[in-house]
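Here is the structure we will look at.
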Amino acid sequence: MQSAPKHKSKYKRNRIVKLFSSLYERVMRWAAHRHAQWYLAGLSFAESSFFPVPPDVMLAPMALANTSKAWRFALITTFASVIGGAAGYLLGVFAFELIQPLLEKAGYMDKYQLAVSWFEQWGVWVVFVAGFSPIPYKLFTIAAGVVSMSFPPFMLASFVGRGARFFIVAGLMVWGGSRMESMLRQNVDRLGWAVVVVVGVVIVVMEFV
């Protein structure tokens, strides 16, 4: 009688482990669409203010598929992400009371409060770190507006941090070519969970140092 629950638990674990590879395959299909550049810009904008999926998962396969336009894709992603970050900032300034219930419902309040505490300790440097890392960027853009960070430094740090991240992604695709695609396909689950672990370590270190 206990074999069914064990089988069910194993099935759930397999689904979690395969999360990154299934997402990668799905986005590869999106990236092949004739309006892919518009989708990339929309995703980059939305992710900086409210959407949960990072634009890297679409930028990477697009850069792989057309390396001659990789830098253009990285630039589109950067500009759209920074503009989305400005939207997130304005949400923090003018509409935080409206979006706070959504953050609570999504389970983001602990991370949001952590972002606020980081701003109080390190100021604009947090925007650069957040823009360069897989940590949900939208939480930092909203928090920057709530704490009334100066807007020009916020935008500059966003552009540098996000730009560095996305141009590195595009550069890896140009440099690696089909080899990088093959490596990503074979190791995307391991790489995805490794990023999760690294981000967790960074958060702990920054919290206690």
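The values are calculated or read from the model by the stated rules, or taken from the named source; none is laboratory data. Not measured: the values here are computed from a predicted model. Cβ coordinates were reconstructed from backbone atoms using ideal geometry, including for glycine residues, and neighbour counts include every protein chain displayed.
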Task: Of all residues making up the range 22-54, the number that are at pLDDT 85 or above, within 19 Å of residue 158 (Cβ to Cβ) and either outside any helix (DSSP H, G or I) or of a type outside the set (A, V, I, L, M, F, W, C) (or both) - done: 2
Task: Residue satisfying all of: in the range 101-133; at pLDDT below 80 and in contact with a Pro (Cβ under 9 Å, 6 or more places away or on another chain); nearest to residue 48 (Cα to Cα) among these - done: 130
Open item on the list: Kindly evaluate residue 73 against the criterion of being aromatic (Phe, Trp, Tyr) and closer than 17 Å to residue 49 by Cα.
Closed with: no
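Of all helices (runs of 4 or more DSSP H) completely enclosed by the range 56-108, which ones contain at least 3 residues that are out of contact with any helix residue (DSSP H, G or I) (no Cβ under 6 Å at 6 or more places or on another chain)?
70-94, 96-105
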Task: Qualifying positions in the range 44-57 - surrounded by fewer than 23 Cβ atoms within 10 Å (Cβ to Cβ) and of a type outside the set (Phe, Trp, Tyr) - done: 46, 49, 52, 53, 54, 56, 57
Open item on the list: Please count how many residues of the range 101-151 are surrounded by fewer than 22 Cβ atoms within 10 Å (Cβ to Cβ), aromatic (Phe, Trp, Tyr) and under 25 Å from residue 169 (Cα atoms).
Closed with: 3
Open item on the list: Let me spell it out: the conditions are (1) at pLDDT below 80; (2) surrounded by fewer than 15 Cβ atoms within 10 Å (Cβ to Cβ), and residue 98 meets all of them except one. Which number is the exception?
Closed with: (1)
